[in-house]
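Report on the structure given below.
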Amino acid sequence: LAFGGLLLLTLGAAAAWSWRLWREARRFRALAQTDALTGFATRQHFTTLATAVLARAKADDRPVMLVAFDLDHFKRVNDRHGHLAGDAVLRAVSEAVRAQPASLPRVIGRLGGEEFAVLIDGASPRLASAHAEALRQAIAMAVTASFGVTGTHECGHDLQCLLERSDRALYRAKNAGRDRIVAADRAGALEAA
């Protein structure tokens with residue numbers, strides 16, 4: 001009887017310990033997948049989510065658009081006002097992005113310091129550019145941003161191609177004066193949106 005009681009206590013302690021480990025592992029996984037400052041997917045998790053969306057869209061022959069944006073002169077905010085002010089700007093931007101209505105499923109990620117991406121499932125180039133413009137206007141309350149837009153009609157369902165083309169379009173927007181949207185066209189040239 002004493003042995004049975006001891007066994008039950010041991011099993012109970014092991015189950016409680018296992019439960020705590022499982023909860024901690026889940027918490028750490030969430031921290032690794034979500035940017036703590038903005039609440040958006042981290043670059044790695046965005047890549048995982050976007051790859052899954054693109055695979056489903058390819059199977060269904062559905063278009064996907066990628067809107068990449070980078071905050072203009074963000075280093076100046078940190079240099080002049082400090083990193084706490086920069087963090088406040090990033091939080092304001094993330095709230096503005098999150099508040100924008102989305103008629104189609106989207107995945108939002110923070111790709112780097114002040115660089116973000118929005119993958120829009122089922123969007124046309126026109127809808128993606130309209131969404132980018134709505135984001136540009138919403139973000140302008142805190143800071144200006146430059147946008148690059150591309151889609152599967154140009155790259156197929158290849159995430160790396162989408163990221164590279166949207167990044168080139170984004171930097172074209174920066175070189176053209178910032179606070180604007182540039183869309184890549186099918187031929188590889190870039191056009192102002």
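In nm, what is the difference between 0.36 nm times the number of residues separating L37 and Q137 and their Cα-Cα distance?
On the way: separation 100, 0.36 × 100 = 36.00 nm, distance 2.15 nm.
Difference between extended and current length: 33.9 nm.
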Heavy-atom accessible area per residue - region 103-190, 1.4 Å, Å² = 42 Å²
remark   = Cα-only Rg/Rh for the chain with Kirkwood Rh rounds to 1.18
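At 0.36 nm per residue, minus the direct Cα-Cα distance, what do K58 and K75 gain on full extension? Give it in nm, one decimal, please.
Numbers: separation 17, 0.36 × 17 = 6.12 nm, distance 3.81 nm.
The K58-K75 span can extend by a further 2.3 nm.
Which of the helices in the chain, when you take each full DSSP H run, stretch at least 27 Å along the axis at their Cα atoms and have an average Kyte-Doolittle score of -1.0 or higher?
Those that clear 27 Å and a mean of -1.0 are 2-33.
The values are calculated or read from the model by the stated rules, or taken from the named source; none is laboratory data. No experiment lies behind these values; they were computed from the predicted model shown. Accessible surface areas use protein heavy atoms only, side chains included; no ligands, DNA or RNA. Shrake-Rupley method; radii C 1.70, N 1.55, O 1.52, S 1.80 Å.
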